[in-house]
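Trainee: Got a structure here, written out as C-alpha cells. Questions coming.
The values are calculated or read from the model by the stated rules, or taken from the named source; none is laboratory data. Note that the structure is a prediction, hence the values are computed from the model and not measured. Every residue, glycine among them, receives a Cβ derived from its backbone with ideal geometry; neighbour counts consider all protein chains shown. The area values use the complete protein model at the heavy-atom level, side chains included, leaving out ligands, DNA and RNA. Shrake-Rupley method; radii C 1.70, N 1.55, O 1.52, S 1.80 Å.
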Amino acid sequence: MLPAVLGHAGLSLFEGGYVGVGVFFVISGFLITLIIVRELEADHFSLIEFYERRARRILPALFLVLLLCFVAAWFRLPPQMMRGLGTLAIATLFFASDILFWRNASDYFAPDGLTEPLLHTWSLTVEEQFYLIFPLVLMGALLAGRHCPAPAKRL
C-alpha cells in the first residue's frame, strides 16, 4: 500500500501501480478460490456467509474512506463538483464506480481523472464484481463435476 501512496504523491520511482493492482488481484483471487473450494468440498460453503464475510471486511473501511473524502471535499471542492462526488459515492457503494469512470472517460488515469476523489475505488469495484460472480461459477463447476459420469478406465 505504501508504494501506491508514494506513487500518487508523485514520486516517479513508484509510478505504474498497475502491477501492484494486478499482483493483488492474483493473490486475492488465489486465496479466495482456496477458501471457497475447501468449503465447497466439505459441503460447508454458504453464499450468504461468503458475502457477509466480504461485507464485514470491506464495508467499514469503505464507509470511513467515503466519510473522509466528503469531509475533505467540503473544504476543497467547488460546490458544482460535490454533486459528482455524491454520484460517484453511490456508484462506489454499489461496486460500480469502475463502470462510471469508464462511461465518463476513455482512460481511468487521464489527467482529468487525477482530480477524482474516489478514483482509487475502481479496483475495489472490479474485485467485488468478480466476487459476486466467481463463487457462483465455482459452485456450478462443482455441481457439474458431480453429475458427470466418471471416465471409463482404459486397459
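Trainee: Just to be sure, is Val37 open to solvent by 40 Å² or more (accessible area, probe 1.4 Å) and either within 19 Å of Leu132 (Cα to Cα) or more than 18 Å from the chain's Cα centre (by Cα) (or both)?
Mentor: yes
Trainee: Across region 52-82, which residue is farthest from Glu116 (Cα to Cα) among those that are of a type outside the set (D, E, K, R) and touching a residue at least 60 places away in the same chain (Cβ under 8 Å)?
Mentor: Filtering first and then ranking leaves Ile58.
Trainee: Can you work out which of the residues in region 77-99 that are of a type in the set (Gly, Ala, Ser) and in a helix (DSSP H, G or I) is modelled with the lowest pLDDT?
Mentor: Gly84
Trainee: For residues that are open to solvent by 80 Å² or more (accessible area, probe 1.4 Å) and modelled with pLDDT of 80 or more, tally how many sit in region 100-131.
Mentor: Adding up the residues that qualify gives 4.
Trainee: In the list Phe63, Phe75, which residue meets the criterion of being aromatic (Phe, Trp, Tyr) and either within 21 Å of Leu124 (Cβ to Cβ) or open to solvent by less than 100 Å² (accessible area, probe 1.4 Å) (or both)?
Mentor: Phe63
Trainee: Out of curiosity, is Phe134 modelled with pLDDT of 85 or more, out of contact with any strand residue (DSSP E or B) (no Cβ under 7 Å at 6 or more places or on another chain) and open to solvent by 80 Å² or more (accessible area, probe 1.4 Å)?
Mentor: Against the criterion (modelled with pLDDT of 85 or more, out of contact with any strand residue (DSSP E or B) (no Cβ under 7 Å at 6 or more places or on another chain) and open to solvent by 80 Å² or more (accessible area, probe 1.4 Å)), Phe134 does not qualify.
Trainee: Suppose the filter is out of contact with any Cys (no Cβ under 9 Å at 6 or more places or on another chain), within 27 Å of Leu138 (Cα to Cα) and surrounded by 15 or more Cβ atoms within 10 Å (Cβ to Cβ); does Gly29 pass it?
Mentor: Spelling it out, it is not the case that Gly29 is out of contact with any Cys (no Cβ under 9 Å at 6 or more places or on another chain), within 27 Å of Leu138 (Cα to Cα) and surrounded by 15 or more Cβ atoms within 10 Å (Cβ to Cβ).
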